[in-house]
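Contents: one structure, followed by commentary.
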Amino acid sequence: MKNTVSRATFDQVMVPNYGPAAFIPVRGSGSRVWDQSGREYVDFAGGIAVNALGHCHPELVATLTEQAGKLWHVSNVFTNEPALELASLLTGLTFAERVFFCNSGAEANEAAFKLARKYAADHFSSDKHQILSCKNSFHGRTLFTVSVGGQPKYTEGFAPVPAGIDHFEFNNIDSLKAAISDKTCAVVIEPVQGEGGVLPADPAFLAAARELCDQHGALLIFDEVQTGAGRSGSLFAYMEYGVAPDILSSAKSLGGGFPIGAMLTTEKVAQSFGIGTHGSTYGGNPLACAVAKKVIEIVSSPEVLAGVRAKHARFVAGIEAINAKYPLFKEVRGMGLLLGCVLNDAYAGRAKDVLKAAEAQGLMLLVAGLSVVRLAPSLVIDDADIEEGLKRFEAALATLTA
Ligand SMILES: *Cc1c(COP(=O)(O)O)cnc(C)c1O
């Protein structure tokens, strides 16, 4: 069959804000993907930490098709069973007592930041509106979330940006101490900075953030859009640290590939979002919630979470063995199945070249910044797929060092 669209079509009809790979995936199964020409790839990218159960997981396909035959959408003028079931599941498994659904990570953070402002206005005063976030952090692409995010390149050209936002150094307790005050309504932290280079927080840093927030009457927000839904080896990364936030944002793996976001919070904080204060037309859509409920049921099982830890070890050992032969990386870091391979100084800035070399060997990878190669595969990737992917990774690195 002749393809009616190709990669060249992208350059003709799409807004040019992305630079996608040269091939177009058309089909996926587990951790394998096929392109238009029938070429097969091993998927270590996982749709950017989204496809928690790989491609077309049979239980997700069954759940989605069953719900598709029942009810797609009713809006929030009505509630629906999948949303209530998912919210019950999430509150049962986490610190949270209340859930707000939306459609993406940025929307979950937008809700979190608005809720923190509203909570401070309700309980203190509108003066207490400062949001503190880490340098190098990423919280989404709406104007509010890029402004809270700590990467100036994402706000360039979009001024004026929302006010009342300041930044401090990630993993630097003194920097947070110096920035926080009684004017602070919220401190937002990614337990592992994802886009910023796969940098895990120090346990002492998160514990200190919790303490400082309590001292100053500020809410602690964990952005777990990338680290949540099993990726860390616990259902949420905060559980790895034993530090609970007041608000948590989730998306990406939560839907396993079906768009959904969620903001989780406590009973008390949730009360500041009274009727009419915030909303979303699609948020809590029955299709998305039915799929996410199945994802959470599967990834919260002890077997899957233990599997994530075992696969982490397998990946790290495999990459370190490759790196002994082709020493491109100075560090392999991360948590669970969110891994960052940091290029050494001789290869600094060349993460994209590694991606291209991997593509040529039939392997899908990610970058996190210019000098970190990121892996965010399916949480249930088979050992055989890990071995085959690592073989292709080695072949790719060989071409770069040749
Ligand atoms: C991806 C990501 C977001 C944004 O999520 P979208 O679904 O793209 O809006 C926010 N925060 C973190 C930590 C992310 O990794």
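All but one of (1) touching a helix residue (DSSP H, G or I) at 6+ places or on another chain (Cβ under 8 Å); (2) in the same structural domain as residue 42 (by TED's automatic domain parsing) hold for residue 234; which doesn't?
With (1) touching a helix residue (DSSP H, G or I) at 6+ places or on another chain (Cβ under 8 Å); (2) in the same structural domain as residue 42 (by TED's automatic domain parsing) applied to residue 234, the lone miss is (2).
Among the numbered criteria (1) of a type in the set (Gly, Ala, Ser); (2) assigned to a strand (DSSP E or B); (3) within 12 Å of the ligand (Cβ to nearest atom), which one does residue 196 miss?
For residue 196, the failing item is (2).
Filter the stretch 131-165 down to residues that are in a loop (DSSP other than H, G, I, E, B) and either surrounded by 13 or more Cβ atoms within 10 Å (Cβ to Cβ) or of a type in the set (A, V, I, L, M) (or both), then give me how many there are.
17
Here is a list of conditions, (1) within 16 Å of the ligand (Cβ to nearest atom); (2) of a type in the set (A, V, I, L, M, F, W, C); (3) in contact with a strand residue (DSSP E or B) (Cβ under 7 Å, 6 or more places away or on another chain), and residue 90 meets all of them except one; can you say which number that is?
Residue 90 satisfies all of (1) within 16 Å of the ligand (Cβ to nearest atom); (2) of a type in the set (A, V, I, L, M, F, W, C); (3) in contact with a strand residue (DSSP E or B) (Cβ under 7 Å, 6 or more places away or on another chain) except (1).
Can you run down the residue pairs with Cβ atoms below 7 Å, 6 or more apart or on separate chains, where the first is in the stretch 148-166 and touching a residue at least 24 places away in the same chain (Cβ under 8 Å) and the partner is of a type in the set (Gly, Ala, Ser)?
Pairs found: 148/133; 150/133; 150/137; 165/133; 165/147; 166/179.
For the stretch 359-379, enumerate the residues that are more than 18 Å from residue 28 (Cα to Cα), of a type in the set (A, V, I, L, M, F, W, C) and open to solvent by less than 30 Å² (accessible area, probe 1.4 Å).
368, 372, 373
Could you look through the stretch 93-125, keep only residues that are assigned to a loop (DSSP other than H, G, I, E, B) and among the polar types (S, T, N, Q), and pick out the one that is farthest from the ligand (Cβ to nearest atom)? If you could, list the steps in order and put the result at the bottom.
So in the stretch 93-125, the residues assigned to a loop (DSSP other than H, G, I, E, B) come out as 94-97, 103-104, 124-125.
Filter again for among the polar types (S, T, N, Q), leaving 94, 103-104, 125.
On the way: 94: 17, 103: 8, 104: 4, 125: 29 Å.
Looking at residues that are assigned to a loop (DSSP other than H, G, I, E, B) and among the polar types (S, T, N, Q), I get 125.
Does residue 145 fit the bill of being more than 16 Å from the ligand (Cβ to nearest atom), in contact with a His (Cβ under 6 Å, 6 or more places away or on another chain) and of a type in the set (S, T, N, Q)?
no
Exactly one condition in (1) more than 16 Å from the ligand (Cβ to nearest atom); (2) surrounded by 24 or more Cβ atoms within 10 Å (Cβ to Cβ) is not met by residue 254; state its number.
(1)
If you go through the stretch 58-69 one residue at a time, how many are open to solvent by 40 Å² or more (accessible area, probe 1.4 Å) and either part of a loop (DSSP other than H, G, I, E, B) or not small (Gly, Ala, Ser) (or both)?
Selection size over the stretch 58-69: 7.
Go through the residues of the stretch 177-184 one by one and say whether even a single one is open to solvent by less than 30 Å² (accessible area, probe 1.4 Å), within 16 Å of the ligand (Cβ to nearest atom) and among the β-branched types (Val, Ile, Thr).
The answer is no; no qualifying residue exists.
Among the basic types (Lys, Arg), open to solvent by less than 70 Å² (accessible area, probe 1.4 Å) and closer than 20 Å to residue 386 by Cα - does that describe any residue in the stretch 5-13?
As a first pass, look at the stretch 5-13 and keep what is among the basic types (Lys, Arg): 7.
Those left that are additionally open to solvent by less than 70 Å² (accessible area, probe 1.4 Å): 7.
Cutting the leftovers down to closer than 20 Å to residue 386 by Cα gives us none.
No, there is no match, as no residue in the stretch 5-13 is among the basic types (Lys, Arg), open to solvent by less than 70 Å² (accessible area, probe 1.4 Å) and closer than 20 Å to residue 386 by Cα.
The values are calculated or read from the model by the stated rules, or taken from the named source; none is laboratory data. Treat the numbers as computed from the prediction; the structure is a model and nothing was measured. Here the Cβ is made from the backbone with ideal geometry for all residues, glycine too, and neighbour counts use every protein chain on show. Note: accessible area is taken over every heavy atom of the protein model, side chains too, but ligands, DNA and RNA are not part of it. Shrake-Rupley method; radii C 1.70, N 1.55, O 1.52, S 1.80 Å.
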